[in-house]
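Read through the structure below, which is laid out as structure tokens, and then see the notes.
The values are calculated or read from the model by the stated rules, or taken from the named source; none is laboratory data. Just so we're clear, the structure is a prediction, and the values are computed from it rather than from any experiment. Because the Cβ atoms are built from the backbone with ideal geometry, glycine has one as well, and the counts that use them run over all protein chains shown. Just so you know, the surface numbers come from the protein's heavy atoms only, side chains and all, with ligands and any DNA or RNA stripped out. Shrake-Rupley method; radii C 1.70, N 1.55, O 1.52, S 1.80 Å.
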Amino acid sequence: DYGLTDAVVDGLLEADVIPYFIMLGITVYAQQNGSARSEPVKEKYQEFIGNFVRHYKDRGSRIIYETWNEPDLNNTDYWLNGDSQTDSFIPTNNWQVDAIKAVNPDAEVAEFGLCWPYDFVNRYWSTYMDSVFGKDSTRETKSIDAFSWHYYSEFHGDFESGAPGRAGNWESWKRIIREALNTSQKEYPVLATTQQHLTEFAPADAADSWV
């Protein structure tokens with residue numbers, strides 16, 4: 001039943017706002033072990049993603065799809081284990097990208113919605129690039145529309161101080177991602193069009209303020 005999401009999409013588009021759907025969670029029939037925190041059964045997961053995307057393609061609705069929400073945040077309902085990046089959410093991200101693009105090659109896809117992009121770039125960037133472009137890659141989509149991430153500083157509304165327990169600040173995180181993309185672009189020119197999307201940040205000096 002797409003009634004609720006149809007109403008949201010139509011309302012946003014009527015207001016000239018592009019819907020940005022976070023494809024978060026594993027639907028029950030695609031769960032591997034009966035838990036929303038499990039890795040999905042690939043074929044069933046891609047079927048679920050494909051059906052959703054097909055519905056909005058058939059309606060002619062422009063939507064940006066984000067493949068997850070903070071899969072690198074430990075001990076949450078978002079993912080089984082935020083440290084199992086090479087074994088878990090990089091492959092699942094790639095399955096989702098392929099499922100979206102197989103149904104709608106023109107769909108815009110933002111990948112990950114990371115909590116700690118600075119750490120990801122330093123520790124897992126080469127693994128990510130290999131998973132997309134490497135000779136042993138099983139990903140069919142050899143491009144990245146957008147790389148998405150979040151930023152919360154120690155003090156809400158402050159973009160200069162660092163995030164709690166992490167090096168750097170908003171500017172340095174943005175720069176390190178751009179440098180990683182620029183460096184990889186030399187080998188994979190298609191990355192010249194890849195965007196950065198900051199999809200969550202704390203805009204005000206209040207503990208519960210976020211966007």
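Counting only residues 5 or more places away or on other chains, whose amide H sits under 5 Å from the amide H of ILE22 once H atoms are built in the peptide plane?
GLU66
Keeping every protein chain present and rolling a 1.4 Å probe, give me the accessible area per residue for the range 93-148 in Å².
On the way: 2140 Å² over 56 residues.
For the range 93-148, the per-residue accessible area is 38 Å².
Please report, as a whole percent, how much of the solvent-accessible surface of the range 1-46 comes from carbon and sulfur atoms (probe radius 1.4 Å). Could the numbers behind the result be given before it?
Numbers: 1600 of 2890 Å².
For the range 1-46, the apolar C and S fraction of the accessible surface comes to 55 percent.
Working with all protein chains in place, sort GLU140, GLU108, GLU47 by solvent-accessible area computed with a 1.4 Å probe, largest first.
The ranking, largest first, comes out as GLU140, GLU47, GLU108.
Could you calculate the contour length gain from LYS42 to THR193, that is, 0.36 nm times the residue separation minus the distance between their Cα atoms, to one decimal place in nm?
Numbers: separation 151, 0.36 × 151 = 54.36 nm, distance 2.84 nm.
Length gained between LYS42 and THR193: 51.5 nm.
With labels modelled as points extended 7 Å from the Cα through the Cβ direction, what inter-label distance (nm, one decimal) is found for VAL28 paired with GLU171?
My value for the distance between the label points is 5.1 nm.
What is the set of long-range amide H partners of GLU108 at a cut-off below 5 Å, with H atoms built 1.01 Å from backbone N?
Counting only residues 5 or more places away or on other chains, the set is ILE63, TYR65.
Using amide H atoms built 1.01 Å from N in the peptide plane, name the residues 5+ places from LEU114, or on other chains, whose amide H lies under 5 Å from its own.
GLU70, SER148, TRP149, HIS150
Sticking with the crude label model, points 7 Å out along Cα→Cβ, report the distance from ARG178 to GLU14 in nm, one decimal please.
The two pseudo-label positions are separated by 3.9 nm.
Pop out the ³J(HN,Hα) list for the range 135-141 in order, Karplus 6.51 cos²θ - 1.76 cosθ + 1.60 with θ = phi - 60°, rounded to Hz; leave Gly and Pro as x.
Ordered by residue, 3J(HN,Hα) equals 5, 9, 5, 9, 6, 7, 8 Hz.
Pairs LYS42/LYS142; LYS135/LYS174; LYS44/LYS174; LYS42/LYS101; LYS42/LYS135; LYS57/LYS186: which are spaced more than 25 Å apart, C-alpha to C-alpha?
On the way: LYS42/LYS142 19 Å; LYS135/LYS174 29 Å; LYS44/LYS174 35 Å; LYS42/LYS101 15 Å; LYS42/LYS135 21 Å; LYS57/LYS186 33 Å.
Exceeds cut-off: LYS135/LYS174; LYS44/LYS174; LYS57/LYS186.
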